[in-house]
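Q: Structure incoming, see below.
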Amino acid sequence: MASSSPRRKELLSGLGIQFEIFSPDIPEDVAPGESPWNLARRLAYEKWGNVVSKSGFEDYLVITADTVVDLDGRSLGKPNSREEAFEMLKSLRAREHLVHTAVCVGDGTLLLCSVVTTRVKMRNYSDGEIASYVETGSPMDKAGGYAVQDEFFSPVERMEGSYTNVVGLPLEAVVRMLERFDIKMLGGAAVVR
């Protein structure tokens, strides 16, 4: 798994797959005119390329992912400061947005990439709630500055689509991709045929 996200690690562990974590080293800047959907897909692909280009990875099945929050066509990645986190959360308040997570799974012979999109409606939280949440530091490593699973802040009112996608790794898509590599899920454990 080419990701330093503890949430992705936890989700993938739940599938019963043995894996190692590698942190890809790529800039996550938005290209001029690049849509949030394309940004997520490009970054997942670049992370995959970054890892497989390193010596010793020829025999690995590499999984990468990137999540981008899409507010009216504007990409919201991880906030760079507490002030930016506050403004992101304020701009999302009581509004709908899209969460795009791109996943690439591949080895030396086959690469599969998919983008999963979930529609999310945020609740009408107060400025005080935002400030308290930002003070915890929790928003700093999350696209859009929030975690759907955060029980303290509980920012989401409703969603349409994959919950695990919003957490950061759409497991339904990952399982389908792994099956293309003859890795089947049986009772929560991975079986290689």
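Q: As an exercise: evaluate Gly56 against (1) in a loop (DSSP other than H, G, I, E, B); (2) at pLDDT 85 or above and give the number of the one condition it does not meet.
A: (2)
Q: Test Thr136 against the criterion of being free of Cβ contacts under 8 Å to residues at least 24 places away in the same chain and out of contact with any Cys (no Cβ under 7 Å at 6 or more places or on another chain), and give yes or no.
A: yes
Q: Counting residues that are small (Gly, Ala, Ser) and at pLDDT 95 or above, which helices (runs of 4 or more DSSP H) fully inside the range 95-193 reach at least 3?
A: The qualifying helices (runs of 4 or more DSSP H) are 127-135.
Residue by residue, here is whether (1) of a type in the set (A, V, I, L, M, F, W, C); (2) under 24 Å from Ser3 (Cα atoms); (3) open to solvent by 60 Å² or more (accessible area, probe 1.4 Å) holds:
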{"site": "Gly106", "(1), (2), (3)": "no, yes, no"}
{"site": "Ser126", "(1), (2), (3)": "no, no, no"}
{"site": "Tyr133", "(1), (2), (3)": "no, no, no"}
{"site": "Met140", "(1), (2), (3)": "yes, yes, no"}
{"site": "Tyr146", "(1), (2), (3)": "no, yes, no"}
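Q: Continuing with this model, one more query. For Glu20, state whether it is over 20 Å from Asp107 (Cβ atoms) and charged (D, E, K, R).
A: It is false that Glu20 is over 20 Å from Asp107 (Cβ atoms) and charged (D, E, K, R).
Q: Condition test on Ser114, is it open to solvent by 30 Å² or more (accessible area, probe 1.4 Å) and touching a helix residue (DSSP H, G or I) at 6+ places or on another chain (Cβ under 7 Å)?
A: Taking the combined requirement at face value, the residue satisfies it.
For (1) under 20 Å from Thr118 (Cβ atoms); (2) modelled with pLDDT under 85; (3) not in a helix (DSSP H, G or I), each residue gets a yes or a no:
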site	(1), (2), (3)
Leu12	yes, no, no
Pro27	no, no, yes
Pro32	no, no, yes
Trp37	yes, no, no
Glu46	no, no, no
Ala65	yes, no, yes
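Q: Which is aromatic (Phe, Trp, Tyr), under 21 Å from Ala2 (Cα atoms) and open to solvent by 10 Å² or more (accessible area, probe 1.4 Å), of Phe181, Phe152?
A: Phe181
Q: Give the residues of the range 64-92 that are surrounded by fewer than 20 Cβ atoms within 10 Å (Cβ to Cβ) and out of contact with any Lys or Arg (no Cβ under 8 Å at 6 or more places or on another chain), sorted by residue number.
A: Hits for the range 64-92 are Asp72, Gly73, Arg74, Asn80, Ser81, Arg82, Glu83, Glu84, Phe86, Glu87, Lys90, Ser91.
Q: Next question. Could you list, in sequence order, all residues of the range 67-94 that are of a type in the set (Asp, Glu) and part of a loop (DSSP other than H, G, I, E, B)?
A: Listed by number, the list holds a single entry, Asp72.
The values are calculated or read from the model by the stated rules, or taken from the named source; none is laboratory data. These numbers were taken from a predicted model, which means no experiment stands behind them. Please note: Cβ atoms are built from the backbone with ideal geometry, for glycine as well, and neighbour counts cover all protein chains shown. Quick note on the areas: whole protein, heavy atoms, side chains included, nothing else; ligands and nucleic acids left out. Shrake-Rupley method; radii C 1.70, N 1.55, O 1.52, S 1.80 Å.
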